[in-house]
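Shown next, in structure tokens, is the structure this report addresses.
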Amino acid sequence: MDLNSDLLPGLSVIVPVYNVEKYIKKSINSILNQTYSKFELIIVDDGSTDSCPAICDRYALKDERIKVIHKKNGGLMSAWICGIENAKSEYIVFVDSDDWIGLQMFEIMVTNQVKNNADIIICNTRKVEGKKEYRKDFLLNPGYYNYRRIVNEIYPIMINAGNFQERAIPISRCGKLIRKSMIKNNLKYCDTSVSFGEDFNIIFPVLLDCKSILIIDNKKADYYYRMNPQSILHTYNKDMYKQIVALYRNLLLIATTKNKSFFSKQLYADYIAAIVQCYKNELMNPKPFKNILENISFIRKDKMFIKALNSVKWKHYRKLNVIIIMSMKKWNFFSKNIITRILWILKRYKVKKLKMA
């Protein structure tokens with residue numbers, strides 16, 4: 001197919017940027033060097049305080065496809081929503097500013113879109129940590145899914161396929177081509193104050209609206225997600241639990257509003273995993289250990305968590321997660337003062353080791 005054909009659609013590529021001067025050039029270059037060039041690149045600088053604003057402006061001077069928007073810091077979601085509001089094309093692709101993409105991603109996406117006219121096209125992701133790369137196969141077979149196949153094959157395992165945070169469809173905005181109208185129709189569900197699971201807020205309702213999905217398993221179209229082990233291991237989010245509660249209340253509301261309340265069981269399973277992440281997050285709390293125990297004691301009493309434990313099969317999860325769940329469920333002297341203290345010490349040892357590396 002002629003890549004210069006007028007029959008091929010244009011893309012709006014949205015890149016939210018915040019203080020990533022070390023990585024941003026690789027991200028932008030991977031977009032500008034695509035084999036398919038019919039796109040606009042909208043870079044949204046979300047109030048960066050490093051050299052990112054200047055870097056973005058220099059790129060814009062060299063390539064007329066680039067539009068840079070400088071805005072006051074409002075968080076990741078506010079940045080990509082700003083990009084959506086300024087997008088001119090029918091289809092949206094998100095790329096985060098510390099990641100990069102395979103150089104044929106757009107070509108493969110667009111040519112497949114012309115053939116199939118899918119609402120959303122999903123490519124595979126490679127997780128990159130240093131020199132190591134990890135590519136996980138899809139749970140579903142690659143190919144075209146019409147609405148009947150979506151209902152019968154994707155819905156039953158879309159949010160939870162039975163294991164800890166195991167999903168049929170990646171929840172990330174990235175690595176996807178999405179019909180813009182579907183995103184705009186669901187922006188009402190996005191809460192810009194939420195910084196945990198932001199993508200879930202928009203991708204979940206979009207998936208529920210999809211009448212067709214195309215899954216592509218082509219290594220030349222992979223999305224490269226840069227892992228940041230330092231932030232994962234030693235960043236404490238004091239608002240994580242509050243944001244998780246708000247997120248999942250919203251997700252349940254979305255399912256109900258769209259007459260798909262049957263997703264509640266999968267969301268309960270996912271909620272267990274989110275609460276486990278809260279437990280792990282508290283292990284990084286800089287306050288004294290007694291304060292950590294107080295916070296976990298409060299979190300474990302969460303009514304949705306208790307309901308989920310009684311309705312979801314979770315004892316086959318990975319051993320550490322089962323230990324954490326059992327500890328929170330029982331919360332006796334042993335689980336508080338032995339198990340939690342050991343995990344607290346181990347977490348700090350990992351962080352110290354990482355800092356010395």
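The values are calculated or read from the model by the stated rules, or taken from the named source; none is laboratory data. Remember, predicted model here, so these are calculated numbers, not experimental data. SASA here: full protein model, heavy atoms, side chains in, ligands and nucleic acids out. Shrake-Rupley method; radii C 1.70, N 1.55, O 1.52, S 1.80 Å.
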*Leaving out ligands, DNA and RNA but keeping every protein chain, what accessible area does Tyr224 have, in Å² rounded to the nearest 10, with a 1.4 Å probe?*
40
*Using θ = phi - 60° and the Karplus form 6.51 cos²θ - 1.76 cosθ + 1.60, what ³J(HN,Hα) does each residue of segment 84-93 get, whole Hz, x for Gly and Pro?*
4, 5, 9, 6, 9, 8, 7, 10, 10, 10
*Out of residues 5 or more away from Ile120 or on other chains, whose amide H comes under 5 Å of its own, with H placed 1.01 Å from N in the peptide plane?*
Ser212, Leu214
*Greater than 21 Å apart at Cα, pairs in Lys127/Lys242; Lys280/Lys336; Lys131/Lys319; Lys287/Lys350; Lys307/Lys350*: Lys127/Lys242; Lys131/Lys319; Lys307/Lys350
*List the residues whose amide H sits under 5 Å from the amide H of Arg126, counting only those 5 or more places along or on another chain, with H placed 1.01 Å from N in the peptide plane.*
Tyr223, Tyr224, Tyr225
*Going by a ≥ b ≥ c, the root eigenvalues of the Cα gyration tensor, does segment 289-352 fall in the rounded group (a/c under 1.5), the prolate group (a/b larger than b/c) or the oblate group?*
oblate
_Rounded to the nearest percent, how much of the accessible area of the chain (1.4 Å probe, protein heavy atoms only) is carbon and sulfur?_
52
*Search the structure for amide H atoms under 5 Å from the amide H of Glu133, placed 1.01 Å from N in the peptide plane, and list their residues when 5 or more places away or on another chain.*
none
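How big is the convex hull of the Cα atoms of segment 131-231, per residue, in Å³? Mind dumping the intermediate values first?
Details: hull volume 13.0 nm³, N = 101.
That works out to 129 Å³ per residue.
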*In Hz, Karplus ³J(HN,Hα) per residue of segment 183-197 (6.51, -1.76, 1.60; θ = phi - 60°; x = Gly, Pro)*: 6, 4, 5, 10, 4, 4, 8, 8, 10, 5, 7, 8, 10, 10, x
*asked:* For Ser335, what accessible surface area do you get with a 1.4 Å probe? Give it in Å², rounded to 10.
replied: 0
*How would Glu21, Glu198 rank on accessible area, largest to smallest, probe 1.4 Å?*
Glu21, Glu198
*Please work out the Cα center distance from segment 105-155 to segment 160-239, rounded to the nearest Å.*
13
*Under the classification rounded if a/c is under 1.5, otherwise prolate if a/b is larger than b/c and oblate if not, where does segment 14-97 fall, given a ≥ b ≥ c as square roots of the Cα gyration tensor eigenvalues?*
oblate
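Specify whether the C-alpha gyration tensor of segment 238-282 places it in the rounded, prolate or oblate class, a ≥ b ≥ c being the square roots of the eigenvalues: rounded for a/c under 1.5, otherwise prolate if a/b is larger than b/c and oblate if not. Present the calculation step by step, with values, prior to reporting the outcome.
Values: a/c = 6.10, a/b = 1.96, b/c = 3.11.
Taking the square roots of the gyration eigenvalues as a ≥ b ≥ c, segment 238-282 is oblate.
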_As a test question: what accessible area, to the nearest 10 Å², does Glu85 have when a 1.4 Å probe is rolled over all protein chains in place?_
120
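Which semi-axis lengths, in whole Å and largest first, follow from the square roots of five times the eigenvalues of the Cα gyration tensor of segment 173-322? Can you show the working numbers first?
On the way: eigenvalues 168, 81, 51 Å².
Its equivalent ellipsoid spans semi-axes of 29, 20, 16 Å.
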*Give the dimensionless ratio obtained when the Cα radius of gyration of segment 35-182 is divided by 2.2 N^0.38 Å.*
1.17
*How many percent of DSSP beta bridges within the chain run antiparallel, rounded to 5?*
40
_Heavy-atom accessible area order for Asp98, Asp222, largest first, 1.4 Å probe_ = Asp98, Asp222
*Given a 1.4 Å probe, how much area per residue of the chain is accessible, in Å²?*
49
*asked:* Give me a comma-separated list of calculated 3J(HN,Hα) values for segment 150-158, in order, Karplus coefficients 6.51, -1.76, 1.60 applied at θ = phi - 60°, integers in Hz, x for any Gly or Pro.
replied: 4, 5, 7, 10, 8, 3, x, 10, 5
*Would you mind telling me which residue in Pro205, Pro142, Pro16 has the biggest mean-square fluctuation in a Gaussian network model of the chain, where springs connect alpha carbons within a distance under 10 angstrom?*
Pro142
